[in-house]
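Input: a single structure, listed below in structure tokens.
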Amino acid sequence: MSTMQATTVSCPHCGRTNRVPVAAEGRPKCGHCKQPLPWMADAGDDDFTEVAERADIPVVVDLWATWCGPCRMVSPALEKVATDLAGRIKLVKVDVDKNPRLSQRFEVQAVPTLLILDQGETVARQAGAAPAPVLRQWVEQSISARKG
Ligand SMILES: [Zn+2]
């Protein structure tokens, strides 16, 4: 089912609105100017494998909760990072209260907990809030070591 799901995103280069699938091979490009598009999706217990673990590019996972104050700072900061690094990462958000299996699997003790997955394997992890430039540096360092 989730392969049918899509979100809309406006291209940072030309401003055109694009439909971006939640799960797909490769990385999304703007239908008009062909530049890579920011890729952000929500995932949960049922579709995490498809949305996050099968992605071809590194995935930043934001494990957040609605009641969490710092999450309200980190989520937009991560969206900025995902926009700046369009074509290089995918951002996947998981509401921990609605997805107990993922919370348990990743042993979430505090929110936000951030993970970087490379083909399903956790390559970096951190808990707590940080400003966008710090998050971007952390993401870039974590994905620069990957092969290929
Ligand atoms: Zn465009």
Contour minus Cα-Cα distance for Arg72 and Gln141 (0.36 nm per residue) = 22.4 nm
ask   = 222 nm [θ] for the chain, helices only, -39500 (n - 2.57) per DSSP H run of 4+, per residue, to 500?
value = -7500 deg cm²/dmol
task = Compute the acute angle (0 to 90°) between the alpha-carbon long axis of helix 132-144 and the principal axis of greatest extent of the alpha-carbon atoms of the chain; round to the nearest 10°.
result = 80
query = What length, rounded to one decimal in nm, is gained on full extension from Glu25 through to Thr122, with 0.36 nm per residue of separation minus their alpha-carbon distance?
reply = 33.0 nm
message = So if I place +1 on the C-beta of Lys and Arg and -1 on the C-beta of Asp and Glu, and nothing else carries charge, what would the dipole magnitude of the chain be about its Cα centre? I want it in debye, nearest 20.
response = 540
ask   = By how many nm would the segment from Lys98 to Lys34 lengthen if fully extended, with 0.36 nm per residue of separation less the alpha-carbon distance?
value = 19.5 nm
ask   = By how many degrees, between 0 and 90 and to the nearest 10, does the Cα long axis of helix 69-84 differ from the longest principal axis of the chain?
value = 30
Extreme residue, positive dipole direction of the chain, given options Ala110, Gly120, Ala82 (C-beta unit charges) = Ala82
note = For the range 1-112, shape from the Cα gyration tensor axes a ≥ b ≥ c, cut at a/c of 1.5 then a/b versus b/c, turns out prolate
task = Lys and Arg at +1, Asp and Glu at -1: add these up for the other residues within a Cβ distance under 12 Å of Leu78 and post the number.
result = +2
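Only the coordinates and a few stated rules stand behind these numbers; no lab work does. Since the structure is predicted, the reported quantities are computational estimates derived from the model, not experimental observations. Note that we place each Cβ from the backbone using ideal geometry, even for glycine, and neighbour counts take in every protein chain shown.
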